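Here is the structure we will look at, set down as structure tokens.
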Amino acid sequence: MNLLENKVALITGASKGIGKQIALAYAKEGAMVAFTDLNRDDVMEETEKELLALGVKAKGYASNASSFEDSERVVDEVAKEFGRIDILVNNAGITKDNLLMRMSEKDWDIIMAVNLKSVFNLTHACQKIMIKQHGGSIINMSSVVGVSGNAGQSNYSASKAGIIGFTKSIAKELGSRNIRSNAIAPGFIITDMTAKLPEDVVKGWEKQIPMRRGGKPEEVAKVAVFLASDLASYVSGQVIHVCGAMNC
Ligand code: NAI
């Protein structure tokens with residue numbers, strides 16, 4: 001299938017993890033892929049190589065999604081290099097988990113900047129391009145805990161809930177311009193983000209998941225392909241949970 005042929009995608013935080021699998025899935029569907037991460041390191045270069053090996057135009061950019069100026073710069077560079085931006089995936093995100101009584105102001109602020117402000121930064125920069133093109137698909141990586149909340153993750157859950165409010169607002173604001181905006185709410189997905197959790201915590205999560213396993217980044221990527229493609233041409237303002245029924 002070539003569901004994304006002739007489309008240009010920009011994905012943040014995609015040198016590894018879920019973002020990388022989305023980039024690869026998009027390339028397999030024929031999309032040209034620009035992606036960002038904090039540094040141009042071996043990990044980024046390896047991802048870039050894997051994308052190029054799929055026969056599509058692809059390039060990794062060092063850019064900090066929490067910086068407004070840096071986001072404007074990278075969107076300009078991508079638009080110049082690739083000629084357009086049809087799909088924006090706001091994927092970059094981090095955790096700084098702690099109980100509220102132990103949470104510092106710094107850990108609150110950084111989570112808001114990296115997880116939530118980044119979504120504003122990139123969407124703000126891309127909207128002009130998508131409006132001129134008369135279309136686009138914006139996909140924001142939320143989380144099931146943005147819907148349900150989670151003890152020890154008040155900062156992270158608040159940032160992911162904020163993403164949902166932003167996603168729905170943009171769907172209403174830009175719908176008349178043929179720009180769709182949706183969020184994905186993954187459950188427990190096996191990546192470096194979850195690898196840093198203690199084994200007993202991971203086992204505890206897995207027991208609570210009706211499908212009795214963590215998800216794979218590739219399983220999130222399949223939903224990101226659907227939302228980016230014309231298969232989802234009338235799907236906007238939605239939050240799609242990819243969680244093995246953990247949160248339903
Ligand atoms: P990961 O830690 O494997 O990858 C995240 C990537 O984002 C890294 O390459 C990192 O360098 C990059 N990044 C961090 N800060 C950045 C910034 N300021 N600018 C640009 N890039 C930055 O994480 P994973 O698991 O792939 O997560 C991807 C997204 O999915 C995140 O938004 C996360 O919150 C979300 N998510 C993950 C879940 C999971 O269980 N792994 C569950 C629900 C949501």
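The values are calculated or read from the model by the stated rules, or taken from the named source; none is laboratory data. As the structure is a prediction and not an experimental result, all values here were calculated from the model. With ideal geometry, Cβ positions are generated from the backbone for all residues, glycine too; neighbour counts draw on all protein chains shown. Protein only, heavy atoms only, side chains kept; ligands, DNA and RNA dropped before computing areas. Shrake-Rupley method; radii C 1.70, N 1.55, O 1.52, S 1.80 Å.
Here Gly204 fulfils each of the conditions (1) surrounded by fewer than 20 Cβ atoms within 10 Å (Cβ to Cβ); (2) modelled with pLDDT of 95 or more apart from (2).
Taken together, the residues in the stretch 56-68 that are within 13 Å of the ligand (Cβ to nearest atom) and either at positive phi or open to solvent by 40 Å² or more (accessible area, probe 1.4 Å) (or both) amount to 3. Going by the structure shown, is Ile139 within 13 Å of the ligand (Cβ to nearest atom), open to solvent by 50 Å² or more (accessible area, probe 1.4 Å) and β-branched (Val, Ile, Thr)? So Ile139 fails the test.
Return a yes/no flag: does the stretch 76-84 have any residue that is hydrophobic (A, V, I, L, M, F, W, C), in contact (Cβ under 8 Å) with a residue 60 or more places away in the chain and over 16 Å from Leu174 (Cβ atoms). Yes, the stretch 76-84 has at least one match.
The set of residues from the stretch 165-201 being within 14 Å of the ligand (Cβ to nearest atom) and either open to solvent by 20 Å² or more (accessible area, probe 1.4 Å) or part of a loop (DSSP other than H, G, I, E, B) (or both) comprises Phe166, Gly187, Phe188, Ile190, Thr191, Asp192, Met193, Thr194, Ala195, Lys196, Leu197, Val201.
Scanning the stretch 203-220 for residues that are in contact with a Phe, Trp or Tyr (Cβ under 8 Å, 6 or more places away or on another chain) and of a type in the set (A, V, I, L, M, F, W, C) yields a count of 2.
The set of residues in the stretch 78-129 that are in contact with a Cys (Cβ under 7 Å, 6 or more places away or on another chain) and either within 16 Å of the ligand (Cβ to nearest atom) or of a type in the set (Phe, Trp, Tyr) (or both) contains only Leu88.
Just to verify a result, which residue in the stretch 2-33, among those that are assigned to a loop (DSSP other than H, G, I, E, B) and open to solvent by 40 Å² or more (accessible area, probe 1.4 Å), is nearest to the ligand (Cβ to nearest atom)? The residue in question is Lys16.
Taking the stretch 207-247 as the search range and keeping residues that are within 19 Å of Ala31 (Cα to Cα) and open to solvent by 90 Å² or more (accessible area, probe 1.4 Å), which one is farthest from the ligand (Cβ to nearest atom)? The residue in question is Asp230. A search for C-beta distances below 6 Å between a residue of the stretch 162-189 that is among the aromatic types (Phe, Trp, Tyr) and any residue that is open to solvent by 20 Å² or more (accessible area, probe 1.4 Å) and within 14 Å of the ligand (Cβ to nearest atom), counting only pairs 6+ apart in sequence or on different chains, returns Phe188/Trp205.
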